[in-house]
Each structure stands twice: as C-alpha cells, then as structure tokens.
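The values are calculated or read from the model by the stated rules, or taken from the named source; none is laboratory data. Being a predicted model, the structure only gives us computed values, none of them experimental. Positions of Cβ are backbone-derived with ideal geometry, glycine not excepted, and every protein chain shown enters the neighbour counts. Remember, those area values only see protein heavy atoms, side chains included, never the ligands or the DNA or RNA. Shrake-Rupley method; radii C 1.70, N 1.55, O 1.52, S 1.80 Å.
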Amino acid sequence: MSAGTRTPTDPAGRRVLSAALFASAPAEVLDFLLPLWAGSTLEAGASVVGALIAFEAVLSLIVRPLAGELADRFDQRRVAAAGAGLYALSFAGYALAGSLPVAFAAAGLGGAGGALFWVALRAWTGQEARDGDGTAAYGKLLSAEGQGAFVGYLVAFSLLERTGYPALFWLGAAACVLAAALLLRGPSSRPARPGADAPGAGGLLRRGAAERRLLPLMVVSAVTAAAEAGLWMLLLLRLQGDLGLSPNEIAMVFAPGFVVFVLLPEHTHHLTDRLGRTPTMIASFVAGALFAAGLAVVSTPLAIAVFWTVAAACFAAQIPVEQATVAAASGGRIGRGMGLYETARLAGVVAGPLVMGVLYEELGWVAACASAAATSAVGAAVVPFAVRVLRLPREENEAGTAAPAGAGAGADADAGPETVHMTQDGEDMDTSKPEPAQPSAEPALGPKEHARKERRDWYIHTVAFALGQLVLWALDSSWLVWQITDGSVPDDQRGPLVWLGRIWLTIWVIDTLWSWSYTIWPREKKAKS
C-alpha cells in the first residue's frame, strides 16, 4: 500500500496507536517519579535532581531536529522503534542505577529516545493521514497518549509501595520493547517525497523556506507552552502549600480535566472541520487566558477543577489542529517540521517553570496568573498571522468547488481537476479553514459489518475492564466489588484508585450501551470525510 493511503484505523495505524499507548505510559509516569526516585534511592539533593532532569530535556532538545531529518529519510516507524528501544534501555538503566553516572546515562538515553519516538510517530501520522488536514489522525494519537498516561499512573500508584522503583522501571522497559515490536511489524517503507511540481509544494520544498514560514507559529507554541508549564507547576505548589491538599486530593482536582483530555481529542476534529484551524486555536488560547485569569480570583478546589476541565477540553482541540497545521505546512518534509515543533514546545516547557517561578517569588500568585493570561491572549492575537504566513491552500477555489485536500502537504498531482486559487506571486493562500478531505481510505460499513465491528471492540474493552477490576480488587480498591459485597466503600478504603475505578465502570457501561445499540438497531458506518 503506497504512502498516503493508510489511516490510523487500519492495521498499521492501530499498531502505531498501540505503540504510542505503551510508550507513553512509562514515559509520563517517569516525569513524576524521577525526582522522588533520585532523592530517595540516590540520595541526590535538589540541585542534582534538577541537573538530571535538565540533562534529559536538553539532550532531547538537541536530538529533535536530527530526529526530524531521520524521519524524512527513513521509514518513520523504524525510526520510532529505535526511539522506543532507547526508551527501554533508559528504563533498564534506571532500574540498575546505583550511582549518579549511571542515572545520567539513563536520562540521556531517555531524552534521545523520546525525541526519536515522538517526532517520528507524529511525522508518520501526518504522512499517512487522509482526513484532509490530519486533525482527526493527530487527535487519535493524542488520545492514545492520554490513555497510556492513565494506565501508567494507575499501575504506578497500585504497585509502587508493593514492588518498589526497580520493578516499575523494568515494567516500563518491557512496555517500550513491546512498543518497538509493534512498530517493527509490517513491511518497511520510506516516506513519500513530493516533487518540485507537487501541488502546494512550491517554495516550501526549498531548504529553509518551510522553517521561515513556520517560525511565527513555533514562537507562539513555545511561548504559550512556557506559560502553561509554569502555571501548572505553580498551581501544584499552591494546591499543596496554600490550600493544604494531599497528593490524593490534588489528583481528584485534576482528574475530571484529565478524563476530558483523554476522551475528547479523537472527536474534536468535527468541531475543527466546522470552525477552521485558526478559530480553533484562537478559542483554545482564549480559554487558556481565561483559565489563568480565573485562577487569580478563585481559590476553592471545586472551582479550580471546573476551570481546568474547560481548559483541558480546549487543549484537546488545539493540539491536534496545531500539529496538523505544522504537517500541512512542511512541504512534504513532515519530519523536519515536527522536529521544529517538538523542539519549540519542549524549549517552552523547560524555560516556563523557571521564569514563572522567579515571577511568583518576586511578585506573587496574582502576578504570575496575570502574566500567563496575557501570554495566552497574545497567542490568540498572533496566531491568525502565524497561520496566514504559512500560505496553505484555500478551502475553495474561485468557482466555489473544493480544492484538492492535502495540497500543502504534497498531495498527489492528479488528486483532482480543481485547482486552488493563486495569488500574484504564485503562492497558495490560507483562509484559516482546513482542507476538505480526500476520498476516505476507510470505506463505509454496512449495518451488519458495523455491528460486528462494534461488538469486537466491546469484547476487547471488556477484557481490559475485567483485568483492571481484578487488579483493583487485589488492591482492595475496587468500587464495584465493595458495592456488591458490602454495599458501600469503607472510609479507610477510599482513595484515588476507588474513584478511578468508579469512573472506569461508568465509561464501560456507556460503551456497552453504545456498542450493543448497533446490534439492536443496525445502522451503517458512514465513510469518513
């Protein structure tokens, strides 16, 4: 099957999403556990722990542009598999580490592995997406990352006190090996490279042209990511210090927003298709500004949870369309574009906590919130210009018919008879809406086939749910088992695991009703457009 004809719902796409889930689970947990592990196991001080975290981040920054180049030259799944392999070696290093040099080596492997894995995986997603501008595909990938983080934290909180850090690190290494194995399945293929006459390629294929056009969007991404990361750190400190919440209570504050962030990304493209890429990003930045400003005036955990949930929903829409825009503007060099994008955001994440921490210490909480709100507001004001300079294809030509989708990303030259409207300098211009989709590679399913597919997916979900409930029961944290056996959960057994198990049960019930509704009331699955 040629490049550009697969979707994240075919076998190759499902393996990629599964690999993202398996790798993100230990990677997300490591960000939380690394300082705790280094302090307790290696007896490292705050400065050494900070240096360890910074070393991983800096090395990841350095490797990301190289990862983009490799993703453009070689099979992106193989590059991502190499990253997963380095991830696995990193976790094995942490498991065996008894000294700081070994820990720093493990951190370096993790930084390089993360750069290769995520840049290549996002480049593959942009290369293979067939939903017009790739927003739905990136939404599915983001959702898989969130699901992986959910599973990772559930396992970590369940096993850490019983098994200790080494067992968790070895489990993370095994998960990364499994991710690499999934990515290595199937035939190898190099990414498609459009020719100079490919529609929409134009100047974007000249070395340096894409980078110059992407620069405004990269600056917006880096600055807003810095504000978000810094505010997130300060919010954790405020919940723990000023409000006196325990870690479990803090988890309860963020849990609703996290669930929203996990479930929404693969569906928000429907909204993006209606609004367009620029309005979607503007709305997200405005929500970020309101979230930051709201934190300056509210102090109750419930109000903070509501604000964060709304902001998480907007972020679930923003990140996929932002990544899809970068992919569309990369002129066929999606790896390079994703490398720049990942570098910009990581640079912001590294710098944000430092800058916001100094601001908080000097001027206080309200000033820090106001600064983050102003940064997001500036991002909302600048993003129309940042998208406009990318000169992506118009959604419609002068006759009002749809222009070929994916033109800006190097679509096939024979995609259709329509042509996009050209400006006097021969470049395509953007009207801020994503390109309409090409004919879907996922055909419509008849009622019986669709019902069969929904039942098959439900069986998989149910097995996972049953295994999860078994683990929770073994930990005396299954809300379902307590309800069946005792009628209620004892006060001394209440905690985040019980609460998460109850949410999981609710999701499974909804999934059951929805999945089996296709058997009771058969209806076809329409082809994605």
- Heavy atoms of Leu96: accessible area, 1.4 Å probe, square angstrom to 10: 120
- Note on the structure: Going residue by residue through the range 147-156, the Karplus relation 6.51 cos²θ - 1.76 cosθ + 1.60 with θ = phi - 60° gives ³J(HN,Hα) values, rounded to whole Hz and with x marking Gly or Pro, of 5, x, 4, 4, 5, x, 5, 4, 5, 5
- Item | For Leu392, residues with placed amide H under 5 Å, excluding near neighbours | Asp430
- Mind listing the phi-derived Karplus ³J(HN,Hα) values for the range 468-474, rounded to whole Hz, using 6.51, -1.76 and 1.60 with θ = phi - 60°, and x for any glycine or proline? x, 5, 5, 5, 4, 5, 5
- Item | Karplus-derived HN-Hα couplings along the range 351-363 (A = 6.51, B = -1.76, C = 1.60, θ = phi - 60°), whole Hz, x at Gly and Pro | 7, x, x, 5, 5, 5, x, 5, 4, 5, 5, 7, 10
- Query: How much net charge surrounds Leu160 when only the other residues with a Cβ under 15 Å from the Cβ of Leu160 are counted, with Lys and Arg +1 and Asp and Glu -1?
  - Reply: -2
